[in-house]
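*Asks:* Before anything else, here's the structure in question.
What follows draws every value from the coordinates through simple rules; no lab data is involved. Just so you know, these numbers come straight off a predicted model, no measurement behind them. Here the Cβ positions follow ideal geometry from the backbone for every residue, glycine too, while neighbour counts run over all protein chains shown.
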Amino acid sequence: MTQIYWLASYPKSGNTWMRIFLNNYWENADQPININELERTTALYVRDYFDEVLHIESALLTYAEIDALRPVFHRTYTGLIVNINGQFCKVHDAFERLPDGTPMFPADATAGGIYIVRNPLDVVVSYAHHNAASVEDTIDVLVDDTHALSMFPNTQSHQLHQHLRTWSRHVESWLEQREFPLLVVRYEDMLLQPHETFAAVIRFIQWEVDAVRLDKAIRFSAFDELKQQETKHGFHEKPKSAESFFRKGQAGDWQNVLTQAQVERIVSAHHAIMKRFDYLPVLNPSINDHI
Amino acid sequence: MFSYACFGLCLHSDLPFPNAVRSESDHADIVIRAGDVPTTLAGATHQGVLYQLNETALIYYLPGLARFWVKDGREIVYAAPPTTDIDTLRAFLMVIILPLLFHQRHEMPIRGCAVEIDGGAVILTGYSGVGKSTLAAALHQRGFRVLADEFTVVRFDEAAQQPLVYPSFPVLHLWRFALHKLNYSQTAIEQLPTVRPGLQKHILSMGDTFRLEPLPVRGIYIMNAPMRDTDVLVPLTLEKSLLNVNWILSYQRLAIEMNSIKHYWQLAGHLVAQARFWYLNRLKQTFNTDELIRAVTQSVSR
């Protein structure tokens, strides 16, 4: 039985970039892989997979009934993986447990997790563009403990609902779990120290690190390449509300967008986790006083 | 026992199906009744998280909700705790359990709905949520008769070897969002019963327009929502039709385990030979109803 590597992150934190890198590294081709054909990674929140694997009609189930079946769905799915050397599944859920304590992502279905974390100041800006929402509303979303994706009770999304919680809770939930080994990767390190950061990922998933292959996969996954492919052919994961999926791919763009008051709100809400990841901006003394 | 006419058969059930067409027949082809359902199926050849089965029997579990025992393509026994309401039982019977019973009968339960156009049956199939029922409802609004929702039973006329759709229940299951898009008023929607308590999926009755006569299959439309712009209607070659014929079957992996797939493939060969297959491509971001209806009706007329 092949077990799953979860590629976990809050939205707009580099998950897709990581998936594209892994696909490029695996393929080791002479040209970049097509971003619309990421065959080495998948997303188990796709409703059809759930229905096909469990032989059920999830459209008839309540959110709680679907949640209750997700651990067995993940476990059953691992029994069906036959074609690849390792399976990588994108996930935006927080590390959730059922009311009886059963983890949504069970240890016996899991080889490990790669958690990608990004400065919430940049997440807010990127997530606002992604959802065509205001920065203020997006700041509210990041402190909303009920925040979920694809939770539309009056229609059927092609994705199952996913519980995100607050940004801080999302990060904490994955870091606190002790069900399986977890590699934590900072988006900013993927950007500034790509060779060291992606080599650590390759080692974690127990593939052989090949310097030439690594360098090529990093180049083939670079932002300009992804942007160019999206401009030319589109990207099927782009929400209809967003102008593009790959927008700037920078760290620190928040400095050009957020007001002082907005920065204060975000820092105030997520201070502990931001401090842990060295994300606290240099604030004027009056702000530091009340945080 | 209530007696109903559906799928060209007589269904006897101790559970009422309020919208179904009543039958006077004493002979039951299918019986649905409450009873004891064992936790283990003796002689099971395959099992999954929610089921155990062999060629002639299947037990299907919905944890905390119900257990179903499907036998010989003729009988469904259900057991449920008092907390499970009748609507929930009925919904799972209509959407999951009955198609599995038709596999035991070695028949063709195709995922999706069917509508009468030009005296023939058009089957709208495709993945869950692509808009099959919504398109059927839009056709119904324009005066076309709905023959089946959720799954469609195709059976061959023995004399002419012609594939026929046998109408099922005179209802469509529609999400509240779809009903709004179809211009149903908030008040009208509030008055429609829901498929299950707590689910904003409603039961739309087809009323007096429903008929039970089987109709020859005129076309099978596989609905998609492709990423790139493409033609709304794309005819499938014989080869591509054969590649798709397996996928359009309800619960096809279970059909393989039940060993009923061999019967299906025999029938599917005839189906591909006698009915035209199409890709029906809706826009990814919105539901271009008029364009889809035009594409289907014009292609059937041709």
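*Asks:* Calculate the length of the line joining the C-alpha centroid of the range B:4-76 to that of the range A:141-217, in whole Å.
*Replies:* Centre-to-centre distance over Cα atoms comes out at 44 Å.
*Asks:* What does the extension gain come out to for residue A:240 and residue A:46, with contour length at 0.36 nm per residue minus their alpha carbon separation?
*Replies:* Going from the current span to full extension adds 68.1 nm.
*Asks:* Shifting gears a bit: Using the structure shown, select from A:90/A:216; A:248/B:201; B:71/B:181; A:248/B:132; B:132/B:262; A:248/B:181 the pairs with a Cα to Cα distance greater than 31 angstrom.
*Replies:* The answer is A:248/B:201; B:71/B:181; A:248/B:132; A:248/B:181.
*Asks:* At 7 Å along the Cα-to-beta-carbon direction for both residue B:44 and residue B:224, put a label point, then send me their distance in nm to one decimal.
*Replies:* With each label placed 7 Å out from Cα toward Cβ, I get 3.7 nm.
*Asks:* For chain A, set up a Gaussian network in which alpha carbons nearer than 10 Å are linked by springs, and say which option among A:152, A:21, A:180 fluctuates the most.
*Replies:* Of A:152, A:21, A:180, the Gaussian network model singles out A:152 as fluctuating most.
*Asks:* Also: Do any GluC sites (Glu not before Pro) in the range B:175-284 lie in a DSSP loop with no more than 10 other beta carbon atoms within 10 Å, and if so, which?
*Replies:* Details: sites: B:190, B:239, B:257; in loops: none.
Listed in order of number, the matching sites amount to none.
*Asks:* Sticking with this one: Please work out the FRET efficiency for the pair residue A:136 and residue B:256, using the Cβ-Cβ distance as r and a Förster radius of 56 Å; give the result to the nearest 0.05.
*Replies:* Working: r = 53 Å, r/R0 = 0.95.
Calculated value: 0.55.
*Asks:* With a Förster radius of 45 Å, plug the Cβ-Cβ distance of residue B:118 and residue A:219 into 1/(1 + (r/R0)^6) and report the FRET value to the nearest 0.05.
*Replies:* Efficiency at R0 = 45 Å is approximately 0.20.
*Asks:* Could you give the angle, 0 to 90 degrees to the nearest 10, between helix B:289-301's Cα long axis and the longest principal axis of the Cα atoms of chain B?
*Replies:* Its long axis makes an angle of about 90 degrees.
*Asks:* Sticking with this one: Mind checking which aspartates and glutamates have their Cα closer than 18 Å to the Cα of residue B:240? Skip sequence neighbours fewer than 8 apart in that chain.
*Replies:* B:231
*Asks:* Taking the beta-carbon count within 10 Å as an exposure proxy, list A:145, A:189 from fewest neighbours to most.
*Replies:* Starting with the residue having the fewest Cβ neighbours, the order is A:145, A:189.
*Asks:* Could you line up B:56, B:297, B:152 from fewest to most neighbouring Cβ atoms inside 10 Å?
*Replies:* Arranged by neighbour count, lowest to highest, B:56, B:297, B:152 become B:56, B:297, B:152.
*Asks:* I need the calculated FRET efficiency for the pair residue A:212 and residue A:176, taking r as the beta carbon distance and R₀ as 56 Å, to the nearest 0.05. Before the final figure, lay out the partial values.
*Replies:* Numbers: r = 38 Å, r/R0 = 0.68.
Approximately 0.90, to the nearest 0.05.
*Asks:* Next question, about the same structure. Nearest 500 deg cm²/dmol is fine: what mean residue ellipticity at 222 nm does the protein assembly as shown get from its DSSP H runs of n ≥ 4 alone, each adding -39,500 (n - 2.57), divided by its residue count?
*Replies:* -10000 deg cm²/dmol
*Asks:* Right, here's the next one. Give the residue list of trypsin sites (Lys or Arg not before Pro) in the range A:138-192 that are DSSP loop and have at most 12 other beta-carbon atoms within 10 angstrom. Walk me through the numbers on the way to the answer.
*Replies:* Working: sites: A:165, A:169, A:178, A:186; in loops: A:165, A:178.
When the trypsin sites (Lys or Arg not before Pro) of the range A:138-192 are filtered for loop state and at most 12 Cβ neighbours within 10 Å, A:178 remain.
*Asks:* Related question: Between residue B:162 and residue B:211, 0.36 nm times their residue separation minus their Cα-Cα distance comes to what?
*Replies:* Fully extending the segment from residue B:162 to residue B:211 adds 15.7 nm.
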